[in-house]
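Peer 1: Please find one structure pasted underneath; my questions will follow.
The values are calculated or read from the model by the stated rules, or taken from the named source; none is laboratory data. On a predicted model such as this, the values are computed, not experimentally measured, just so you know. In this analysis, Cβ positions are derived from the backbone assuming ideal geometry, glycine residues included, and neighbour counts consider all displayed protein chains. For the accessible areas, the whole protein counts, side chains as well, though only heavy atoms, and no ligand, DNA or RNA atoms are used. Shrake-Rupley method; radii C 1.70, N 1.55, O 1.52, S 1.80 Å.
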There are 2 protein chains.
Amino acid sequence: MAQDMTLLWGSGSPPCWRVMIALEEKKLQGYNSVLLSFDKMEHKSQQVLDINPRGQVPSFKHGDIIVNESYAACFYLESRFKSQGTKLIPDGPEEQALMYQRMFEGLSLYDKLGAVIFYDYYVPEGERLESALKRNKETLVTELKLWEGYLEKLGSGSYLAGKAFTMTDVVVFPTVATAFRFGLSAERYPKLGAYHALMKERPSIKASWPPHWLENPKGQDTLKDI
Amino acid sequence: MAQDMTLLWGSGSPPCWRVMIALEEKKLQGYNSVLLSFDKMEHKSQQVLDINPRGQVPSFKHGDIIVNESYAACFYLESRFKSQGTKLIPDGPEEQALMYQRMFEGLSLYDKLGAVIFYDYYVPEGERLESALKRNKETLVTELKLWEGYLEKLGSGSYLAGKAFTMTDVVVFPTVATAFRFGLSAERYPKLGAYHALMKERPSIKASWPPHWLENPKGQDTLKDI
């Protein structure tokens, strides 16, 4: 049990979801879970600012130790609870190298996805350009095809860094799930679709599925044509 | 010696520089160092594409193991050569938490710096907007002030994650040095200026200083007024 841990989070935020999956995998259930509303701007509340001067979630505290960046929190949890729950960093040098490589490529995937699905959020109304959004979509397609190729090469039933579930899945799966939530076609991206389906059955993913996606299972169709 | 390692890199690229510092700190001199020219588009050459399908540097190979993402390569090197050279990940949970936290915040600093100094590179000519560049500058100032505050709190002579040099310095210093190269004022940002001066004396930094900065010590003045 993890009663000395507090996580402030928002539903559907991939960075928050990463930390939630890590907590589940490391058998750290029972933490103080504080769900905040982005619509009500609660991520800018004093409660968040007290932990995180950036006014962002996730904001995460373990005793007096604060680790807010999602990748940082995942590394921290794996390091502190190495022998508890799922081992997230493999021992073999090759497996480890691939795990690190893909988890950091995952940041590119996240950025490129965000530049399409959150375009209107990032770019003020008067500055939005069809040409820029079109380019962002092309960049995202190139990125998605890279990942489709990675999975193809690893063979069916694989996780993102090989035959075993690793930290890469913890941090990158929320981005993949978000792409499908925003209408990505599993027919056009069958390997990513199969990976998405595989992961959805995993207990840590089920336990941390965004509550507003559960309430309203139908997502957007922003990505249906890419 | 590291004759079974190859690093393809470009002068002045912060991601490349991170890996070079890690190699120096881990006493892995003697690797096969291949300096490529961005002007000649050599980072898109077959030599790079053979290792890195993204056509980016750094591209890094150790025997048959490929790790191209700069943060991934630094983690990999620390893990493979744990007891060699500088210990980059501290043992204490608090020190480790701060190290992870700041190294990932370092990605925000890097992105926000790039959105100003590489604005014309990222945004095609017809799409550039004064309003966007102005906002990017404001965002960068807020970010720089955060880091100035972090260093202030740690006290003089500190590294980015405390009294000891860590992986955070390996990955974030190149961004700080780039900010000063582009004209950041050490008078307006005295803590960052002192950190920059401290790090410039470190052997790993001297050994990896961008060659075209050495040839032409005068940088740009893009950031002089922020």
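Peer 1: I'm told B:VAL67 meets every condition in (1) buried (at least 18 other Cβ atoms within 10 Å of the Cβ); (2) over 19 Å from A:PHE104 (Cα atoms); (3) within 9 Å of another protein chain (Cβ to nearest Cβ) except one. Can you identify the failing condition by its number?
Peer 2: (2)
Peer 1: Any residue in region B:132-145 that is under 19 Å from B:GLU95 (Cβ atoms) and either assigned to a helix (DSSP H, G or I) or at pLDDT below 95 (or both)? Spell out the reasoning first.
Peer 2: Initially, region B:132-145 is screened for residues under 19 Å from B:GLU95 (Cβ atoms), giving none.
Checked against the condition, which is being under 19 Å from B:GLU95 (Cβ atoms) and either assigned to a helix (DSSP H, G or I) or at pLDDT below 95 (or both), region B:132-145 yields no hits at all.
Peer 1: Oh, and also: For region A:186-208, how many residues meet the condition of being exposed (fewer than 15 other Cβ atoms within 10 Å of the Cβ) and outside any helix (DSSP H, G or I)? Explain how you work it out, then say what you get.
Peer 2: First, pick out the residues of region A:186-208 that are exposed (fewer than 15 other Cβ atoms within 10 Å of the Cβ): A:186-187, A:190, A:197, A:200-201, A:203, A:206-207.
Add one more test, that the residue is outside any helix (DSSP H, G or I), and what stays is A:186-187, A:201.
Of the residues in that region, 3 qualify.
Peer 1: Can we say A:SER79 is away from every other protein chain (no Cβ under 11 Å), surrounded by fewer than 21 Cβ atoms within 10 Å (Cβ to Cβ) and among the polar types (S, T, N, Q)? Spell out the reasoning first.
Peer 2: On the way: away from every other protein chain (no Cβ under 11 Å): no; surrounded by fewer than 21 Cβ atoms within 10 Å (Cβ to Cβ): yes; among the polar types (S, T, N, Q): yes.
So A:SER79 fails the test.
Peer 1: Just to be sure, is A:GLY92 more than 10 Å from chain B (Cβ to nearest Cβ) and either open to solvent by less than 30 Å² (accessible area, probe 1.4 Å) or touching a residue at least 60 places away in the same chain (Cβ under 8 Å) (or both)? Quick ask: steps written out before the conclusion?
Peer 2: Details: more than 10 Å from chain B (Cβ to nearest Cβ): yes; either open to solvent by less than 30 Å² (accessible area, probe 1.4 Å) or touching a residue at least 60 places away in the same chain (Cβ under 8 Å) (or both): yes.
Spelling it out, A:GLY92 is indeed more than 10 Å from chain B (Cβ to nearest Cβ) and either open to solvent by less than 30 Å² (accessible area, probe 1.4 Å) or touching a residue at least 60 places away in the same chain (Cβ under 8 Å) (or both).
Peer 1: May I pose another question? Go over the candidates A:GLY30, A:GLY10 one by one and state the one that is surrounded by 20 or more Cβ atoms within 10 Å (Cβ to Cβ), closer than 18 Å to A:SER208 by Cβ and away from every other protein chain (no Cβ under 14 Å).
Peer 2: Numbers: A:GLY30 fails: surrounded by 20 or more Cβ atoms within 10 Å (Cβ to Cβ).
Exactly one of A:GLY30, A:GLY10 is surrounded by 20 or more Cβ atoms within 10 Å (Cβ to Cβ), closer than 18 Å to A:SER208 by Cβ and away from every other protein chain (no Cβ under 14 Å), namely A:GLY10.
Peer 1: For the condition within 16 Å of B:TYR100 (Cβ to Cβ) and at pLDDT 95 or above, what is the one hit in A:GLU24, A:GLU78?
Peer 2: Details: A:GLU24 fails: within 16 Å of B:TYR100 (Cβ to Cβ).
Only one candidate qualifies: A:GLU78.
Peer 1: Continuing with the same structure: Residue check: is B:PHE165 in contact (Cβ under 8 Å) with a residue 40 or more places away in the chain, in a loop (DSSP other than H, G, I, E, B) and crowded, with 18+ Cβ neighbours inside 10 Å? Spell out the reasoning first.
Peer 2: Working: in contact (Cβ under 8 Å) with a residue 40 or more places away in the chain: yes; in a loop (DSSP other than H, G, I, E, B): yes; crowded, with 18+ Cβ neighbours inside 10 Å: yes.
Considered against the rule, which asks whether it is in contact (Cβ under 8 Å) with a residue 40 or more places away in the chain, in a loop (DSSP other than H, G, I, E, B) and crowded, with 18+ Cβ neighbours inside 10 Å, B:PHE165 comes out as yes.
Peer 1: Please specify each residue of region A:67-87 satisfying the condition of being more than 15 Å from the chain's Cα centre (by Cα) and of a type outside the set (D, E, K, R).
Peer 2: Let us first name the residues in region A:67-87 that are more than 15 Å from the chain's Cα centre (by Cα), namely A:67, A:76-87.
A:VAL67, A:TYR76, A:LEU77, A:SER79, A:PHE81, A:SER83, A:GLN84, A:GLY85, A:THR86 - these are the residues of region A:67-87 that are more than 15 Å from the chain's Cα centre (by Cα) and of a type outside the set (D, E, K, R).
Peer 1: A further question on this structure: Condition check: surrounded by fewer than 24 Cβ atoms within 10 Å (Cβ to Cβ), more than 9 Å from chain A (Cβ to nearest Cβ), at positive phi and modelled with pLDDT of 95 or more. Does B:GLY85 satisfy that?
Peer 2: Here the answer is yes, as B:GLY85 does meet what is asked.
Peer 1: Here's a follow-up. Go through region A:27-49 residue by residue and tally those that are among the charged types (D, E, K, R) and at pLDDT 95 or above.
Peer 2: Looking only at region A:27-49, we keep the residues that are among the charged types (D, E, K, R), and these are A:27, A:39-40, A:42, A:44.
Right, trim to at pLDDT 95 or above and you get A:27.
Looking only at that region, the number is 1.
Peer 1: Sticking with this one: Identify, by number, the condition in (1) exposed (fewer than 15 other Cβ atoms within 10 Å of the Cβ); (2) over 30 Å from A:GLY92 (Cα atoms) that A:GLU152 doesn't meet.
Peer 2: Failing condition for A:GLU152: (2).
Peer 1: Continuing with this model, one more query. State all residues of region B:127-146 that are more than 11 Å from chain A (Cβ to nearest Cβ) and touching a Leu at 6+ places or on another chain (Cβ under 9 Å); if no residue qualifies, say none.
Peer 2: B:LYS137, B:LEU140, B:LEU144
Peer 1: Quick one: count up the residues across region A:34-61 that are in a loop (DSSP other than H, G, I, E, B) and on the phi < 0 side of the Ramachandran plot.
Peer 2: So in region A:34-61, the residues in a loop (DSSP other than H, G, I, E, B) come out as A:37-41, A:45, A:50-58.
Add one more test, that the residue is on the phi < 0 side of the Ramachandran plot, and what stays is A:37-40, A:45, A:50-54, A:56-58.
So the answer is 13.
Peer 1: Can you tell me which of (1) touching a strand residue (DSSP E or B) at 6+ places or on another chain (Cβ under 6 Å); (2) open to solvent by less than 20 Å² (accessible area, probe 1.4 Å) is the one A:ALA72 doesn't meet?
Peer 2: The one condition A:ALA72 does not meet is (1).
Residue-by-condition table, conditions (1) exposed (fewer than 14 other Cβ atoms within 10 Å of the Cβ); (2) within 22 Å of A:PHE75 (Cβ to Cβ); (3) in contact with a His (Cβ under 8 Å, 6 or more places away or on another chain):
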residue	(1), (2), (3)
B:GLN101	no, yes, no
B:LEU107	no, yes, no
B:VAL116	no, no, no
B:ASP120	yes, no, no
B:LEU129	no, no, no
B:LYS134	yes, no, no
B:GLU138	yes, no, no
B:THR142	yes, no, no
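Peer 1: Let me ask something else about it. What is the number of the single condition among (1) more than 14 Å from chain A (Cβ to nearest Cβ); (2) surrounded by 13 or more Cβ atoms within 10 Å (Cβ to Cβ); (3) more than 14 Å from B:SER208 (Cβ to Cβ) that B:SER37 does not meet?
Peer 2: Unmet condition: (2).
Peer 1: Looking at A:GLY183, A:GLY219, can you tell me which residue is surrounded by 15 or more Cβ atoms within 10 Å (Cβ to Cβ), touching a residue at least 12 places away in the same chain (Cβ under 8 Å) and on the phi > 0 side of the Ramachandran plot?
Peer 2: On the way: A:GLY219 fails: on the phi > 0 side of the Ramachandran plot.
Every option except A:GLY183 fails the conditions.
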